[in-house]
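The values are calculated or read from the model by the stated rules, or taken from the named source; none is laboratory data. It should be emphasised that the depicted structure is a prediction, and the values quoted were computed from it without experimental measurement. Don't worry about glycine lacking a Cβ; one is built from the backbone with ideal geometry, like all the others, and counts go over all protein chains shown. When the accessible area is computed, the model is the full protein with side chains, heavy atoms only, and any ligands, DNA or RNA have been set aside. Shrake-Rupley method; radii C 1.70, N 1.55, O 1.52, S 1.80 Å.
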Amino acid sequence: MQRVLLTGAAGNIGGYLRKLLPPVYPGLVLSDIKAPKDLQPSETFIQADIAKADEIERACQGVEGIIHLGGRSGEAPWEAILEANIVGCYNLFEAARKAGVKRVVFVTSNHAVGFYPRETTIPTDVIPRPDSRYGVSKLFGEGLGAMYAYKHGIGVTSLRIGNVGDKPLDARRLAIWIRPDDLVQLIRIGLERPGLVYEVMYGVSDNQRSWYDNSHARALGYDPQGRSEDFAAQVLAAEPPASQKHPAAEYYQGGTFCADEYSADVSTLKDRS
Ligand SMILES: NC(=O)c1ccc[n+]([C@@H]2O[C@H](COP(=O)([O-])OP(=O)(O)OC[C@H]3O[C@@H](n4cnc5c(N)ncnc54)[C@H](O)[C@@H]3O)[C@@H](O)[C@H]2O)c1
């Protein structure tokens, strides 16, 4: 692809991808509501607020592929989620359609399905169980992606990312961690795989403790190299005891996102598994 747009480029994952993607996509264009602090002279940046349709339309001009990271990356008041992740995500897909963009990789989240218990292994086609307003907004984006794929012919991939980083940071992230170069593999499948219509994949590395059946991603060519188990002993030694955690955070895959604002009866938690 000649011109690939990376939204949310000033954020955490953007920081990794700005290093890893230029050799693969020399025409990479960065976008965000604010410029990355360490923007380099070699980088192309277009400032755009995705909540403003005209701004994101301008950023999409001449673009063949989009990696959409921009927006709220965690739980927030409804008004903030609405603006960045609902209105903003709609504006992004509409701008892609108007500009004739061929592929969109939408970065969704494990929090779209966070209310599955940790003792279960889930494929990508489970009934959604979002654990937050944030998780609901990610499902909205997944839905938009499917609609634009089937109605408008854009090849769309929804990547349900676990947690991106150089290493897993705690016990939960031993299950959901993804190494940045593995994320690049998934992005490349989304932007390059011939004939792709609409796909959902989990964005996790080769984690022994994973809660996800990611066999579909492997069938599409994903061959993750990161292994969270290499860090397990060190991570588990530093883990606080379960007694210090909210039962819903310990029981469900979404962790503290499930426990935040929780008002159901925790003594019947396992009846709602
Ligand atoms: N970090 C993870 O491990 C992880 C896990 C699952 C999903 N995700 C998703 O990946 C994406 C990137 O995550 P991150 O950790 O880099 O988040 P981040 O918060 O560091 O970056 C998000 C970026 O989006 C930009 N942004 C916010 N509102 C915007 C708007 N209205 N218009 C344009 N840009 C806007 C912010 O300025 C920021 O630079 C997010 O969509 C997040 O939900 C991240």
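The figures follow:
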| item | result |
| --- | --- |
| Helix-derived mean residue ellipticity, 222 nm - over the chain, DSSP H n ≥ 4, -39500 (n - 2.57), to 500 | -9000 deg cm²/dmol |
| DSSP beta bridge pairing in segment 116-266, given as percent antiparallel to the nearest 5 | 10 percent |
| Proximal lysine pairs, the chain, alpha carbons under 29 Å, eight or more residues apart or interchain | 28 |
| Distance in nm between pseudo-label sites at HIS152 and VAL24 (7 Å out along the Cβ direction from Cα) | 2.4 nm |
| Area projected by the alpha carbon convex hull of segment 126-252, averaged over all directions, nm² | 8.5 nm² |
| Translational diffusion coefficient (Stokes-Einstein; Kirkwood radius from C-alpha pairs) of segment 4-272 at 10 °C, 1.306 mPa s, in µm²/s | 84 µm²/s |
| Label point distance in nm, HIS246-VAL87, each placed 7 Å from Cα along Cα→Cβ | 2.8 nm |
| Spin-label pair GLU261/ARG97, simplified geometry with 7 Å Cα→Cβ offset, distance in nm | 2.9 nm |
| Accessible-area order (highest first, 1.4 angstrom probe) of the listed residues PHE257, PHE140 | PHE140, PHE257 |
| Stretchable slack from ARG193 to GLN47, in nm (0.36 nm times residue separation minus alpha-carbon distance) | 49.6 nm |
| At R0 = 30 Å, FRET efficiency that the Cβ-Cβ distance of ASP181 and GLN61 yields, to 0.05 | 0.50 |
| DSSP-loop trypsin sites (Lys or Arg not before Pro) across segment 1-87, with at most 16 other Cβ within 10 angstrom | LYS34, LYS37, LYS52 |
| Length-normalised contact order for the chain - Cα pairs under 8 Å, 6+ apart - percent | 16 percent |
| Of the DSSP H helices in the chain, those whose Cα atoms cover at least 15 Å axially and whose Kyte score averages -1.0 or more | 88-99, 133-152, 180-192 |
